[in-house]
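In what follows, a single structure is set out as structure tokens and then discussed.
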């Protein structure tokens, strides 16, 4: 299993959203995530799937 795992600040920078907005989306269950204790992590695969299912057209991106 080689899926990259990202933190909230990394996702916020990538999506160009505030950290509080990303936390809000996670809290509502809008963005798929994993909780490890109090820490929230989002896999690259889950993020890409979520973005594709919530975009008008096909999204071809790479997280780096």
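Taking segment 36-50 only, how many residues are loosely packed, with under 15 Cβ neighbours inside 10 Å and outside any helix (DSSP H, G or I)?
Matching residues across segment 36-50 total 4.
Go through segment 4-35 and report how many residues are within 15 Å of residue 51 (Cβ to Cβ) and part of a loop (DSSP other than H, G, I, E, B).
Counting residues in segment 4-35 that are within 15 Å of residue 51 (Cβ to Cβ) and part of a loop (DSSP other than H, G, I, E, B) gives 7.
Which condition breaks for residue 9 when tested against (1) surrounded by 13 or more Cβ atoms within 10 Å (Cβ to Cβ); (2) more than 8 Å from the chain's Cα centre (by Cα); (3) without any contact (Cβ under 8 Å) to a residue 24 or more places away in the chain?
Unmet condition: (1).
Values quoted throughout were computed directly from the atomic coordinates according to the rules given, and no laboratory measurement underlies them. Worth saying up front: this structure is predicted, and the values here are computed from it rather than measured. Because the Cβ atoms are built from the backbone with ideal geometry, glycine has one as well, and the counts that use them run over all protein chains shown.
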